[in-house]
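A.B. asks: Below you'll find the structure I mean.
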Amino acid sequence: MGKKTKDKKKGKGAEKTAQKTEKKLSAKQKKQLQAIGEDDIETILKQIEDEENKRQQVTEHIVEPPSRRINFSFVAHPEKEELVLYGGEFHNGQKTFVYNDLYFYNIPNNTWTVVKAPKGPPPRCGHQMIASSTNKGQLWVFGGEYTSPSENQFYHYRDLWLYHLAAKKWEKITTPNGPSARSGHRMVYSKKQIFVFGGFHDNSRDYKYFNDIYTFNTESYKWLKLEPTGTAPAPRSGCCMVALQDGRILIYGGYSKEKIKKDVDKGHVYTDAFILQPDKNDTTGTKYKWVTTKLGGVTFAPRCSMPLTTAPNNTSYCFGGVYDTTDEDEELAGVFYNDMHMLDLEKLVWRSVNIRGKQDVTKPRRKQNDSDDDNPDSADHIDEEVTKKVETTTISDDGVFKVTIGPAPTATTSTSASTNNTNQIFQPSPRLNCGLAIKHGVLYLYGGMYEDGDKEITFQDFYALDLKKLEEWNTIIQDDVKSSEWLATPDNSDDDEEESSNDDSASEDEESMETD
């Protein structure tokens, strides 16, 4: 009995200590916000919401291209020759700016239009948006986060929004039982249902990753949390998620981190794959199971924050990404990529995309089968062998960083492009989380971010690639990265060390009180 009472007392003491610690941290944050003149995040968002509610009519203006940004959503318009960009963020070294603007890019006219409709969602990044052709076109937006300008405060959303493209009207869907607040999740549309998987939630003190999966029925407007059988993917964010034509859902890769010790986290980049498939004997449409799978084809370096977009011919394309490394001093650095891969969704195999360069029309060209001309994924375009390490060639040096690529992957067939020709082919710079969208067989790439030491280079460049020809990237907007704003972060290390010391002393006092 005595031991049980002691454990119970210790439990109450631990809970009391946690409450004191939370109260102390909240007071510390309030003091920091007062010092920099920033309101608490709830006040900031309330002010933004009030401004949005004042809007009474839709306004449309042809404008310059969107500003530099990352973690936005970028999709093809389901009905028109347009692309749609929504939200995102930009960090200049001292402040973070989060957006809720809605842009439409007219492909034939090469113009950008910003549309502001009444009572739209508040600013966000790390959200997801899918497009549907239902009722003359719909955009569905879920989740994401808002970061205060100082990056001392984070607010994660769990709201679902519907934008009616024809009516140019926002509608907030207030349906219960949906996913918890999060960002970095993934979302796909399949058979009139929206599937939401994974993501994370964090604040200035703690974080959590998810591996739950929900569906939202776009006809009944109801959320359902699935409870699949089988072994589920580990909790993660930033993975690749794609809907297969037979109703299954594929999950590949992603990222998570865990606490190793105080102020030290360990990241993990996943390279595993899972399929969520309906139960064959289920008549309710609510029973699923996880099946571990292995993607075949070429292998490439592990990475996360690699966007994936699906083409109508049952393939998906990805570009870039980053792999985080930690040195002996536990300093984090990223290896960025600018290679491109295609995923065959029927065979579930990866293929490296080989940009061939324009053909010399003065030289004879081998006769192609009709199937090759009609298939952008033929052997003439895609190398199915593992990329070999080769000497690189500098193709861009803007004074900030160099972009280097090597020859195309070496194939066993005689149809691959010549090395001398491929060496000089332009590739967009290495980056993570750029926007990818496909319209009528053309892949469009916008924005993203690259790290140069402590400096973040956020892009606003824009490219197009014909997936049938795969001859060269067409530069729609060329970015002058030297003009990108970056402000050195003030050195507050002394203040932080003093506060940390005070926090440690307070924690030791509380632990002593608990032991007593």
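A.B. asks: Go from 0 up to the bin containing the longest alpha carbon distance in the stretch 38-125, width 5 Å each, and give me the % of pairs per bin.
C.D. replies: Pairs per bin, as whole percents: 3, 13, 20, 23, 20, 13, 6, 2, 1.
A.B. asks: What is the extension gain from residue 208 to residue 280, computed as 0.36 nm multiplied by their sequence separation minus the C-alpha to C-alpha distance, in nm to one decimal? List each step's numbers first, then the result.
C.D. replies: Numbers: separation 72, 0.36 × 72 = 25.92 nm, distance 3.32 nm.
Full extension of this stretch gives 22.6 nm more.
A.B. asks: Next up: What residues have an amide H closer than 5 Å to that of residue 173, excluding those fewer than 5 places away on the same chain, when H is modeled at 1.01 Å from N in the peptide plane?
C.D. replies: Sorted by chain and number, the residues that satisfy this are 160, 161, 162.
A.B. asks: Same structure again: Mind giving me the nanometre distance, one decimal, between the label points for residue 134 and residue 111, set 7 Å out from Cα along Cα→Cβ?
C.D. replies: Modelled inter-label distance: 3.2 nm.
A.B. asks: A further question follows. Would you kindly derive the ³J(HN,Hα) couplings of the stretch 333-350 from the backbone phi angles with the Karplus curve 6.51 cos²θ - 1.76 cosθ + 1.60 (θ = phi - 60°), listing them in order in whole Hz, with x for Gly and Pro?
C.D. replies: Ordered by residue, 3J(HN,Hα) equals 9, x, 9, 9, 10, 9, 8, 10, 9, 10, 10, 6, 7, 8, 8, 6, 10, 8 Hz.
A.B. asks: Something else now. With a 10 Å Cβ neighbour count serving as the proxy for reagent exposure, in which order, fewest first, do 239, 318 appear?
C.D. replies: Values: 239 28, 318 24.
In order of increasing Cβ crowding within 10 Å: 318, 239.
A.B. asks: Now for a different question. Calculate the spin-label point distance for residue 472 paired with residue 452, positioning each point 7 Å from the Cα along the beta-carbon direction, and give it in nanometres.
C.D. replies: Using points 7 Å along Cα→Cβ, the separation is 2.5 nm.
A.B. asks: Further question on the same structure: Quick check: pseudo-label points 7 Å beyond the Cα along Cα→Cβ at residue 424 and residue 180, how many nm apart are they?
C.D. replies: 5.7
A.B. asks: Same structure, new question: If we count other beta carbons within 10 Å of each Cβ, what is the order of 38, 49, fewest first?
C.D. replies: Numbers: 38 16, 49 13.
In order of increasing Cβ crowding within 10 Å: 49, 38.
A.B. asks: Then there is this: Starting from the Cα-Cα distance between residue 67 and residue 260, subtract it from 0.36 nm times their residue separation and give me the gain in nm to one decimal.
C.D. replies: Working: separation 193, 0.36 × 193 = 69.48 nm, distance 3.75 nm.
Residue separation times 0.36 nm, minus the Cα-Cα distance, leaves 65.7 nm.
A.B. asks: Of the cross-linked pairs 191/222; 116/169; 289/347, which ones have a Cα-Cα span greater than 18 Å in the structure shown? Display every interim value, and only then the final one.
C.D. replies: On the way: 191/222 15 Å; 116/169 9 Å; 289/347 20 Å.
289/347, as the Cα separations exceed 18 Å there.
A.B. asks: Ratio to report: Rg/Rh of the stretch 164-233, with Cα atoms as the point set and Rh obtained by the Kirkwood method; give two decimals. Walk me through the numbers before you get to the answer.
C.D. replies: Working: Rg = 14.2 Å, Rh = 13.8 Å.
Rounded to two decimals, Rg over Rh is 1.03.
A.B. asks: Assuming R0 = 35 Å, can you tell me the calculated FRET efficiency for the pair residue 48 and residue 191, based on Cβ-Cβ distance, to the nearest 0.05? All intermediate terms of the calculation are to be shown ahead of the outcome.
C.D. replies: Numbers: r = 36 Å, r/R0 = 1.02.
In this case the efficiency is close to 0.50.
A.B. asks: Which value, to two decimals, describes the C-alpha radius of gyration of the stretch 120-217 once divided by 2.2 N^0.38 Å?
C.D. replies: On the way: Rg = 13.9 Å, N = 98, 2.2 N^0.38 = 12.6 Å.
Normalised by 2.2 N^0.38 Å, the Cα Rg of the stretch 120-217 equals 1.11.
A.B. asks: If amide H atoms are built 1.01 Å from N in the plane of the peptide, which residues on other chains or at least 5 residues away come under 5 Å of the amide H of residue 289?
C.D. replies: Long-range HN contacts for residue 289: 229, 277, 279.
A.B. asks: May I pose another question? Beyond 25 Å, what percent of the Cα pairs of the stretch 172-286 remain?
C.D. replies: Values: 1698 of 6555 pairs.
Summing the P(r) tail past 25 Å for the stretch 172-286 gives 26 percent.
A.B. asks: When the Karplus curve 6.51 cos²θ - 1.76 cosθ + 1.60 is applied with θ = phi - 60°, which whole-Hz ³J(HN,Hα) does each residue of the stretch 214-228 get, with x for Gly and Pro?
C.D. replies: Along the stretch 214-228, the couplings run 10, 10, 10, 7, 6, 9, 8, 6, 10, 8, 9, 7, 7, 10, x Hz.
A.B. asks: May I pose another question? Where does each of 247-259, 274-286 land if you order them by average Cβ count within 10 Å, highest first?
C.D. replies: Details: 247-259: 20.3, 274-286: 13.8.
Most protected by this proxy first, the peptides run 247-259, 274-286.
A.B. asks: Could you tell me the relative contact order of the stretch 244-329? Use alpha-carbon pairs under 8 Å, at least six residues apart, and round to a whole percent. Write down the numbers at each step before the final one.
C.D. replies: Working: 125 pairs, mean separation 20.0, N = 86.
Relative contact order for the stretch 244-329 comes out at 23 percent.
Every number in this text was worked out from the coordinates using simple rules, so none of it is lab data. Nothing here was measured: the structure is a model prediction, and the numbers come from that model. Cβ atoms come from the backbone with ideal geometry, glycine included; neighbour counts cover every protein chain shown.
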